[in-house]
Amino acid sequence: MQVESFFEWLGQALGSVIRFIVEVLSGLFNTLTSAGGNFVEGLSQALGMDTSVISIIALVIGLMLLYSAVRAFMRASVIVGVIWLMLGLWVLSWVIH
């Protein structure tokens, strides 16, 4: 009888620890998800764009094209820089209203 109550206690203790870990991780991931959603919502409101995944991807591509334009200008490659700049602004004009 004493052995059974020890293992019952051990099972309850282990179950409590596992439940605590799961609840902490669940709260952490819920907080991160909420923060990410609020960030995307604030970004889209400030830029005047939709909150869809396609819009976010287009925004990232447009910013990458602008970064390529800046790098081309720093290398003194004016023609390539202007091409990257026009492509970046063209993509960003689709996204931002």
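The values are calculated or read from the model by the stated rules, or taken from the named source; none is laboratory data. Small disclaimer: the values here were computed from a predicted structure and weren't measured. Glycine also receives a Cβ, built like all others from the backbone with ideal geometry; neighbour counts cover every protein chain displayed.
A few remarks follow.
- Near pairs, Cβ below 8 angstrom, 6+ apart or cross-chain, from the range 52-77 (in the same structural domain as residue 93 (by TED's automatic domain parsing)) to any residue that is assigned to a loop (DSSP other than H, G, I, E, B) and surrounded by 17 or more Cβ atoms within 10 Å (Cβ to Cβ): 55/49; 59/49
- Here residue 51 passes the criteria (1) in contact with an Asp or Glu (Cβ under 9 Å, 6 or more places away or on another chain); (2) part of a helix (DSSP H, G or I) except the one numbered (2).
- Residue in the range 26-36 that is outside the structural domain of residue 91 (by TED's automatic domain parsing) and either charged (D, E, K, R) or touching a Cys at 6+ places or on another chain (Cβ under 9 Å) (or both) present: no
Residue by residue, here is whether (1) within 24 Å of the chain's Cα centre (by Cα); (2) surrounded by 15 or more Cβ atoms within 10 Å (Cβ to Cβ); (3) farther than 24 Å from residue 44 by Cα holds:
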{"residue": "58", "(1), (2), (3)": "yes, yes, no"}
{"residue": "64", "(1), (2), (3)": "yes, no, no"}
{"residue": "68", "(1), (2), (3)": "yes, yes, no"}
{"residue": "71", "(1), (2), (3)": "no, no, yes"}
{"residue": "74", "(1), (2), (3)": "no, no, yes"}
{"residue": "93", "(1), (2), (3)": "yes, no, no"}
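- Residue in the range 10-18 that is within 30 Å of the chain's Cα centre (by Cα) and outside the structural domain of residue 96 (by TED's automatic domain parsing) present: yes
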